[in-house]
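Here's the structure, in structure tokens; my notes come after.
Please treat every number below as a calculation from the coordinates, not as lab data. A quick note: this is a predicted structure, and the numbers were derived from the prediction, not measured. Cβ coordinates were reconstructed from backbone atoms using ideal geometry, including for glycine residues, and neighbour counts include every protein chain displayed.
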Amino acid sequence: MKKKQFAFGSVFYRCTGLLIFLLLWEAAPRLGWVRAIYLTPPTQVVAALVRIILNGELLPHVLISLQRIFLGLFFASTVGVILGLFIGYFRRVEQALDLLFQTLRQMSAFALFPVFILFFGLGELPKVVIIFWASLWPVLLNTSSGVRDVDSVLIRSAKSMGATKRYIFLHIILPATTPQIFTGIRLGGSYCVMAVVAAEMIGATSGLGYLVLYSQQTFKVAQMYGSIIALAILGVGLNWILQSLEKFFSSWRQM
């Protein structure tokens, strides 16, 4: 019983900041601190969000945004992990490519969007590419950093016992790098959500980013805030999924 009370108290304590924020948000427009046309009370925002959920308007936008996010993150994770492992394992390759990668990662995916349109047209591909580009660098750099940080004593010990390079890579380097790989993927996931919003606002007729912009242009302010909340929930859900995957693949560390 005491454990349940403690758990409830802990959850309530963690939600205190959010509750205060929502109360201030509700009070600001209703008390005239801010014009309601600019800041709709959260009760009306929730009502608008429930309405577009029930009438089926929200679901297609959520699904197309999820499709773009998962495609971009999948390709970014695949390329980033493979390149990161290769670059981290071969130090000379890393030294040769470090300046190039550090330069490329400073190029904003949003600034490169016109370039992607020139190369890939106006369809779905440039939107996936911008998400791929935004999320690639944290995956790649965290992976290569994880390989570099593997304890050299472990590697030398394995070599002294006759372990092959393949065995060392598969049973020492890869498991030791897994936490940083998933840290990079989680960072890439957060960049994915930001990138999909920008991509859908710039050149799309569907997706949550488009819905936010469309709601603003048609003065549906409550629906606009509701769409932003849907994006936040999407980001939190994606982070939770990636955290769960990280725990599953890193479960050996708890043993």
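Want the number for Gln106 to Trp33: 0.36 nm per residue separation, take away the alpha-carbon distance, what's left?
Additional length available on full extension: 22.3 nm.
If you average the C-alpha positions of the stretch 26-66 and of the stretch 173-233 separately, how far apart do those two centres end up, in angstrom?
Value for the Cα centre distance between the two parts: 17 Å.
Hey, of (i) 12.6; (ii) 19.3; (iii) 15.8, which did the structure itself give for mean projected area of the Cα convex hull in nm² when calculated?
(ii)
What are the GluC sites (Glu not before Pro) within the stretch 3-106 that DSSP puts in a loop, where the Cβ has at most 15 other Cβ atoms within 10 Å?
Answer in residue order: Glu57.
Treating only the Cβ atoms of Lys and Arg (+1) and Asp and Glu (-1) as charged, compute the dipole magnitude of the stretch 94-208 about its Cα centre; round to the nearest 20 debye.
In total the dipole reaches around 400 debye.
Run the numbers for Arg91 and Ser157: contour at 0.36 nm per residue of separation, minus the present Cα-Cα distance, in nm.
21.8 nm
At 7 Å along Cα-to-Cβ for each site, give me the label-to-label distance between Arg14 and Ser190 in nm.
Inter-label distance under the simple model: 1.7 nm.
Provide Val197, Val34 in ascending order of the number of other Cβ atoms located within 10 Å of each residue's Cβ, fewest first.
Val34, Val197
State which helices in the chain qualify, where a helix is a whole DSSP H run, it must extend 30 Å or more along its own axis by its Cα atoms, and its mean Kyte-Doolittle hydropathy must be at least 0.0.
The qualifying helices are 58-89, 124-148, 174-203, 221-249.
What is the distance, in nm, between label points placed 7 Å from the Cα along the Cα-to-Cβ direction at Asn55 and at Leu23?
Using points 7 Å along Cα→Cβ, the separation is 3.4 nm.
Counting chymotrypsin sites (Phe, Trp or Tyr not before Pro) as exposed when in a DSSP loop with at most 11 other beta carbons within 10 Å, what is the longest stretch of the chain free of them?
39-218
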